[in-house]
Amino acid sequence: MNFFCEGNVHSLPEGSDSPSRLALEARCLGFSCLIICNHTGFEKVFLPEAASSIQGMEVIMGIEVMAENAKVLHSRARSARARYPFVAVHGGTEEVNRAACEDPSVDLLVHPEDGRKALGIALVKAAQENDVAIGFDLSPMVRLRRTSRSRWMELVRRNLTLIRKFEVPAVITSGAMSHLDLRTPRDLIALAEVVGFETFEAKEALLHPLRILDKNRKSWASPGVEIL
Amino acid sequence: MEMTPENLTRHELIGLAVEVADSTNPSLTGISGRVVDETRNTLVVETKDGEKRVPKACARFTFTLPDGRRARVEGLVLESQPENRINKRVKRWKL
């Protein structure tokens with residue numbers, strides 16, 4: 001039994017499907033865990049209780065923090081950490097990417113290549129120290145065409161080389177806005193391989209969100225100290 | 001200062017009951033006893049088989065506090081001279 005997890009999915013009011021519809025579809029496709037990360041402003045998810053009653057699927061409500069600058073990001077991430085078991089950050093501008101990698105409250109930085117710039121070495125080192133995973137949204141692979149897609153792939157390849165070098169964990173996701181955008185784990189692994197992932201790396205990337213959740217569930221008295 | 005899991009990393013560790021929960025060196029896993037000495041990089045644990053010196057960087061320790069609570073601590077967080085660790089040392093990372 002595999003424990004593949006979809007790490008970055010958007011549901012109503014931001015996407016077009018309720019969490020339970022997404023969970024049913026994800027279960028059919030072969031996932032055992034789904035993390036719903038709506039952006040800030042769309043936190044009031046439609047009927048989350050219905051999603052938790054679906055057997056065979058674990059549905060977690062997370063949040064994808066959007067911020068204009070570092071200061072706003074830090075305050076939003078800190079307040080999100082208290083309320084949600086999974087905190088992702090909408091990557092894009094260099095300032096936001098850097099702030100997310102330097103913030104220990106952040107679990108995941110999604111699509112940092114959105115701002116058309118690759119990650120820097122200082123950023124990846126900070127991500128390794130603060131245990132921030134880098135999320136690769138594979139929907140541009142399907143959505144974009146020609147030169148824009150090849151430029152996106154180039155950026156993703158550069159990011160991938162860096163995170164391999166510094167051993168920063170990766171997460172792959174379909175970035176689904178509706179149940180029709182969800183893909184089977186095998187499809188995601190295949191798309192990731194086209195971009196440059198190895199098979200075992202892509203599989204690890206699908207398993208990593210569960211590890212993040214396990215770690216966040218433990219009770220931490222202070223950095224590095226776990227209460228048993 | 002009362003010993004709680006929150007201030008454990010800033011507290012005096014000599015005299016606490018400890019067990020090595022996990023280590024990159026398998027021969028160190030399972031060592032349990034009482035801490036008798038501490039240096040910058042190691043903890044000396046008195047076990048029934050004698051004194052064992054355990055490097056902090058490669059191990060996770062389970063300390064039993066005087067009130068009975070147990071806390072698992074990454075050795076890397078404890079890695080500093082004991083007299084300096086008592087001052088506030090906030091590491092901005094989570095494990």
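For region A:92-208, give me every one of the helices (runs of 4 or more DSSP H) that falls completely inside it and has 2 or more residues that are in contact with a strand residue (DSSP E or B) (Cβ under 8 Å, 6 or more places away or on another chain) and more than 14 Å from chain B (Cβ to nearest Cβ).
On the way: elements: A:94-101, A:121-129, A:139-143, A:146-165, A:185-195.
The helices (runs of 4 or more DSSP H) meeting that bar are A:94-101, A:146-165, A:185-195.
Scan A:Glu193, A:Glu204 and give me the residue that is at pLDDT 90 or above and loosely packed, with under 15 Cβ neighbours inside 10 Å.
Details: A:Glu204 fails: loosely packed, with under 15 Cβ neighbours inside 10 Å.
Answer to the selection: A:Glu193.
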query = Using beta carbons and a limit of 9 Å, which pairs, at least six apart or on different chains, have the first residue in region B:65-77 and touching a residue at least 12 places away in the same chain (Cβ under 8 Å) and the second one among the polar types (S, T, N, Q) and part of a helix (DSSP H, G or I)?
reply = B:Val73/B:Thr9; B:Val77/B:Thr9
query = Across region A:84-112, what is the total count of residues that are open to solvent by 10 Å² or more (accessible area, probe 1.4 Å) and of a type in the set (D, E, K, R)?
reply = 4
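Any idea which of B:Thr39, B:Thr62 is farther than 23 Å from A:Leu228 by Cα, modelled with pLDDT of 90 or more and β-branched (Val, Ile, Thr)?
Answer to the selection: B:Thr39.
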inquiry  = Could you check region B:4-18 and list, in sequence order, the residues that are in contact with a Gly (Cβ under 9 Å, 6 or more places away or on another chain), among the β-branched types (Val, Ile, Thr) and farther than 14 Å from A:Pro223 by Cα?
reply    = B:Val18
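Please find, within region B:12-29, the residue that is most open to solvent (accessible area, probe 1.4 Å) out of those that are assigned to a strand (DSSP E or B) and farther than 26 Å from B:Asn87 by Cα.
Within region B:12-29, the subset assigned to a strand (DSSP E or B) is B:17-23.
Narrowing further to those that are farther than 26 Å from B:Asn87 by Cα: B:21-23.
On the way: B:Ala21: 40, B:Asp22: 75, B:Ser23: 22 Å².
That would be B:Asp22.
Residue-by-condition table, conditions (1) hydrophobic (A, V, I, L, M, F, W, C); (2) open to solvent by 40 Å² or more (accessible area, probe 1.4 Å):
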| residue | (1), (2) |
| --- | --- |
| A:Ser150 | no, yes |
| A:Met153 | yes, no |
| A:Ile172 | yes, no |
| A:Leu180 | yes, yes |
| A:Arg186 | no, yes |
| A:Ile189 | yes, no |
| A:Phe200 | yes, yes |
| A:Leu213 | yes, no |
| A:Ser222 | no, no |
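The values are calculated or read from the model by the stated rules, or taken from the named source; none is laboratory data. All values derive from a computational prediction rather than experimental measurement. Positions of Cβ are generated from backbone atoms using ideal geometry, with glycine treated the same way; all protein chains shown enter the neighbour counts. Quick note on the areas: whole protein, heavy atoms, side chains included, nothing else; ligands and nucleic acids left out. Shrake-Rupley method; radii C 1.70, N 1.55, O 1.52, S 1.80 Å.
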